[in-house]
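The values are calculated or read from the model by the stated rules, or taken from the named source; none is laboratory data. Quantities reported herein were computed from a predicted structural model and do not represent experimental measurements. Here the Cβ positions follow ideal geometry from the backbone for every residue, glycine too, while neighbour counts run over all protein chains shown. Surface accessibility is based on the protein's heavy atoms, side chains included, excluding ligands, DNA and RNA. Shrake-Rupley method; radii C 1.70, N 1.55, O 1.52, S 1.80 Å.
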Amino acid sequence: KNKTHDKKISSLLKPFPPLSEGETSPSKRVDILVVGCGPAGLALACELAEKSKTMLGSGSDVKIGLVGPDVPFVNTYGVWEDEFQELGLTHCLEKVYKDAVNYFGEDEKGRVQVPRKYAKVDLQKLQDHLLKRCKDAGVFYEEGEVSKIDGEKKVDVVMKTAKNNMANEHINCDLAILASGAASSAFLEYETGAPDAGAQTAYGVEVEIEDYPFDKNSMHFMDFRRHHSGLWPGTALESRTEDWSWGTKKEMPSFLYAMYLGGNKAFFQETCLVSKDAVPFKVLKRRLETRLDSLDVKVKRVLDEEWSYIPVGGPLPKPEQNVLAYGAAANLVHPASGYSVAKSLTLAPTFASEICEIWKSRKGWDREASEEAWRKLWSDEKRRCQAFHVFGMELLALMDVGEINTFFRVFFQLPERLWRGFLGAKLSSLELILFAGFMWLIAPVNLKNRLVLHLMMNDSGKYLINNYVDTLTKGDKAD
């Protein structure tokens, strides 16, 4: 993200004791090391520190370490307000919108108003909140970049530290948990037989403008209208179909995502929901610029520029490995929506408790403990749900803009509990079957045919069926 205006920058180094505090050996020593200082890493680190004291006893003296870059949160996070209410984090919201407006088609019949409040996260407040919890819980911190992990027996983490001019240092620990996003994948092993990962890509700008083109009190959530199809400013491709999707069969769909920020500021983002081959940022940038020109948005100044690449779907980590992962590193990103922040914050207390329970029962940590923890994080039930979400992701990745518009018009006609549960990954594997049944009942014939063909012919259909059949017939593990 390029930043062209000043914002307060938090320092992670200032409030934390260093990992080397009290150590006399060349190698630093902690019991549990969390790698990554994003929302997922900070949330898990403070939960582990808090729960190790309450669950293992004050005399256990389990030392929780945290390593990663000393940088502020920069990505623009949007969340459903009720999810942050459940977490007690409404004080970390910058702006709340009364509903979410979508356009799945060119005219008013494609307009879908979702009666659910949406919000923009205040990055500084969220980071400060998590940092304070980490500090109060006694988390140790070291700025650096992990370059190697030897996890065969006891874990030896090799990292380049900033204070030693990026020279190698060793950190010995019983358990390392990777929470630094997709970059962690180099240190993990993954299952075979799953479809390859897709990607959600986006290009966004925070700008000063003359006038905002939409309702300022609503979140402009997904707008698939064809503003970006102009051959030159002020023109658009000729429409030869009822839904204005002429000429789009070979085009990867993208949509406009926009927030009014107050005053003369707004955030506009062009997003490809999911594709197997990532849409280049330059294409998304061109589409956004053409779209804003078509909407007669006069940009006075660009404040921030943001590029986002989120791997979605793909294989899950193998449970038979000594190193754990969390957040996007553990594939906790929703395959069909790209959401992960609220989920990572929600699951952190549970996962931390499960790790402490395993630690207590085994009186320490070993490879078998890691396998048990992996099976807690990705139980058979959760794997079934993930396989269903991957099936949906693969379906969306193959759809043109006309088919996507039809899909989402049907999706938001479902009972609210079902579409909300799907977006929040809160439906059980059996409830997801109910979700599919409702979709089938109200879908038009062409979408019905597409769903059946996708189930029977696409690899994700086989992956879905195998996960449901195998885990149900063998009996669930760690549910």
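For segment 18-32, check the following and say yes or no: at least one residue is in a loop (DSSP other than H, G, I, E, B), modelled with pLDDT of 85 or more and either closer than 30 Å to Asn331 by Cβ or of a type in the set (Asp, Glu) (or both).
Here is the first cut: in segment 18-32, the ones in a loop (DSSP other than H, G, I, E, B) are 19-27, 30-31.
Keeping just the survivors that are modelled with pLDDT of 85 or more gives 30-31.
Remaining after also requiring either closer than 30 Å to Asn331 by Cβ or of a type in the set (Asp, Glu) (or both): 30-31.
Yes, that holds for at least one residue.
Those residues that are open to solvent by less than 20 Å² (accessible area, probe 1.4 Å), under 21 Å from Phe412 (Cα atoms), at pLDDT 95 or above and assigned to a loop (DSSP other than H, G, I, E, B), I need them from segment 210-258; list them, please.
Ser218
Provide a single number: the residues in segment 326-381 that are touching a helix residue (DSSP H, G or I) at 6+ places or on another chain (Cβ under 8 Å), open to solvent by 10 Å² or more (accessible area, probe 1.4 Å) and among the hydroxyl-bearing types (Ser, Thr, Tyr).
5
Could you tell me which numbered condition Val390 fails, if it satisfies all but one of (1) surrounded by 20 or more Cβ atoms within 10 Å (Cβ to Cβ); (2) assigned to a loop (DSSP other than H, G, I, E, B); (3) of a type in the set (A, V, I, L, M, F, W, C)?
Answer for Val390: the failing condition is (2).
For Glu50, state whether it is closer than 28 Å to Val158 by Cβ, open to solvent by 20 Å² or more (accessible area, probe 1.4 Å) and among the acidic types (Asp, Glu).
Details: closer than 28 Å to Val158 by Cβ: no; open to solvent by 20 Å² or more (accessible area, probe 1.4 Å): yes; among the acidic types (Asp, Glu): yes.
For Glu50, the condition - closer than 28 Å to Val158 by Cβ, open to solvent by 20 Å² or more (accessible area, probe 1.4 Å) and among the acidic types (Asp, Glu) - is not met.
Restrict the check to segment 361-369 and report whether at least one residue is in a loop (DSSP other than H, G, I, E, B) and polar (S, T, N, Q).
No, because not a single residue in segment 361-369 is in a loop (DSSP other than H, G, I, E, B) and polar (S, T, N, Q).
Enumerate the pairs (first residue in segment 52-79 and over 30 Å from Asp99 (Cβ atoms) and part of a helix (DSSP H, G or I); second residue anywhere and at pLDDT 90 or above and open to solvent by 60 Å² or more (accessible area, probe 1.4 Å)) with beta-carbon separation below 6 Å, excluding pairs fewer than 6 apart on the same chain, so at least 6 apart or on different chains.
Final answer for the pair search is Leu56/Lys360.
Just give me the residues in segment 433-467 being β-branched (Val, Ile, Thr) and farther than 24 Å from Glu381 by Cα, in sequence order.
Ile442, Val445
If I filter segment 259-278 down to residues being hydrophobic (A, V, I, L, M, F, W, C) and open to solvent by 10 Å² or more (accessible area, probe 1.4 Å), which single residue comes out as farthest from the chain's Cα centre (by Cα)?
It comes out as Leu261.
For segment 393-415, which positions are farther than 18 Å from Asp223 by Cα and either open to solvent by 20 Å² or more (accessible area, probe 1.4 Å) or basic (Lys, Arg) (or both)?
Residues satisfying the conditions are Leu398, Pro415.
Name the pairs whose Cβ atoms lie under 6 Å apart, with the first residue in segment 305-322 and at negative phi, the second at pLDDT below 95 and of a type in the set (Lys, Arg), and 6 or more positions between them or separate chains?
From residues that are at negative phi, the pairs are Glu306/Lys1; Asn322/Arg367.
Across segment 280-302, which residue is modelled with the lowest pLDDT among those that are more than 27 Å from the chain's Cα centre (by Cα) and surrounded by fewer than 15 Cβ atoms within 10 Å (Cβ to Cβ)?
Ranking the candidates gives Asp296 first.
Working carefully through the options Leu464, Leu453, Leu432, Leu418, find the one that is open to solvent by 10 Å² or more (accessible area, probe 1.4 Å) and over 22 Å from Pro311 (Cα atoms).
Criteria check complete, one pass: Leu453.
Taking the residues in segment 72-117 that are under 19 Å from the mean Cα position of the chain (by Cα), crowded, with 17+ Cβ neighbours inside 10 Å and aliphatic (A, V, I, L, M) as candidates, determine which candidate is nearest to Arg225 (Cα to Cα).
Among residues in segment 72-117 that are under 19 Å from the mean Cα position of the chain (by Cα), crowded, with 17+ Cβ neighbours inside 10 Å and aliphatic (A, V, I, L, M), the one nearest to Arg225 (Cα to Cα) is Val79.
Report those helices (runs of 4 or more DSSP H) wholly inside segment 405-478 carrying at least 2 residues which are touching a Lys or Arg at 6+ places or on another chain (Cβ under 9 Å) and either among the polar types (S, T, N, Q) or at positive phi (or both).
In segment 405-478, 459-474 are the helices (runs of 4 or more DSSP H) which contain 2 or more residues that are touching a Lys or Arg at 6+ places or on another chain (Cβ under 9 Å) and either among the polar types (S, T, N, Q) or at positive phi (or both).
Any idea which residue in segment 118-142 is most open to solvent (accessible area, probe 1.4 Å), counting only those that are more than 18 Å from Leu345 (Cβ to Cβ) and in contact with a Leu (Cβ under 6 Å, 6 or more places away or on another chain)?
Phe140
Could you say which residue among Glu206, Glu189 is of a type in the set (D, E, K, R), in contact (Cβ under 8 Å) with a residue 24 or more places away in the chain, on the phi < 0 side of the Ramachandran plot and surrounded by 22 or more Cβ atoms within 10 Å (Cβ to Cβ)?
So the residue among Glu206, Glu189 that is of a type in the set (D, E, K, R), in contact (Cβ under 8 Å) with a residue 24 or more places away in the chain, on the phi < 0 side of the Ramachandran plot and surrounded by 22 or more Cβ atoms within 10 Å (Cβ to Cβ) is Glu206.
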